[in-house]
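As structure tokens, the structure follows; a few thoughts come after it.
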Amino acid sequence: MSGGGNNLTFKHALEWFRSQDVDAVVIAGDMADKGLDENLMAVANAWYSVFPDGKRPDGRPVEKVFVTGNHDWLAYGADRKYPDEAERAKHVLRYDMAGWWDKAFHEPYSPIYSKMVKGYTFIGSHWDRAQAGHGSYNQPFGLIEGYMAKNGKSFDPALPFFYVQHPHLKDT
């Protein structure tokens, strides 16, 4: 999708998930390989073509548990595609991630968030400017500790929660 190709492989994967009656789909980053609006919109278009209004054919919701990765933020090669800086700023996601996220997925963007799926908590932590100096490919980012200190007591201790970030934690 990032090179101007199609999104059929991703769409077919989503169709398979739909056939399995999933309640949520997790994408742990790098949706937009080149960090451009067209990449993120291709993901959104595939999602809504398979899950119109975020629902399965039976009308039950399917939750997006999507987080950004370094490719979504770093805009590899964008300077070649858009040599003019002003034009590039219109297409590179990191210049307005909240705006592009809302346009693509119809939900607010927050560096870290939680969603409930059938009583289970899913926490998503985006690769974000706020995290750029935290962690590495083998360490968790710093935002989860503050988030859990503030929100962790509201989680049901009898149930697991699911945490999604990019990069993946070592040994997981």
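Under a Gaussian network description of the chain, with springs only between Cα atoms under 10 Å, the residue in 93, 74, 159 that fluctuates furthest is 159. A 1.4 Å probe, protein heavy atoms only, puts the accessible area of residue 109 near 40 Å².
In a DSSP loop and with at most 11 other Cβ atoms within 10 Å, the trypsin sites (Lys or Arg not before Pro) in segment 78-128 are 118. The share of accessible area on the chain that comes from carbon and sulfur is 54 percent, using a 1.4 angstrom probe. With the convex hull of its Cα atoms as the shape, the chain has an orientation-averaged projected area of 10.9 nm².
May I ask what percent, to the nearest 5, of DSSP beta bridges between residues of the chain are antiparallel?
Of those bridges, close to 45 percent are antiparallel.
Using 0.36 nm times the number of residues separating residue 86 and residue 159, minus their current alpha carbon distance, what extension gain do you get?
Length difference between fully extended and current span is 21.5 nm.
Of 115/170; 90/115; 64/103; 11/115; 81/103, which ones are farther than 26 Å apart at the Cα? Each step should come with its number before you reach the end.
Details: 115/170 24 Å; 90/115 30 Å; 64/103 14 Å; 11/115 23 Å; 81/103 22 Å.
Pairs exceeding the cut-off: 90/115.
Using heavy atoms of the protein chains and a probe of 1.4 Å, the accessible area assigned to residue 114 is about 50 Å². What distance in nm separates the two pseudo spin-label positions at residue 151 and residue 76, each 7 Å out from Cα along the beta-carbon direction? Using points 7 Å along Cα→Cβ, the separation is 3.0 nm. Only Lys, Arg, Asp and Glu carry charge here, each on its Cβ (+1 for the first two, -1 for the last two); on that basis segment 59-106 has a dipole of about 200 debye about its Cα centre.
The values are calculated or read from the model by the stated rules, or taken from the named source; none is laboratory data. In this text the structure is predicted, and so the values were computed from the model without any measurement. Glycine also receives a Cβ, built like all others from the backbone with ideal geometry; neighbour counts cover every protein chain displayed. Surface accessibility is based on the protein's heavy atoms, side chains included, excluding ligands, DNA and RNA. Shrake-Rupley method; radii C 1.70, N 1.55, O 1.52, S 1.80 Å.
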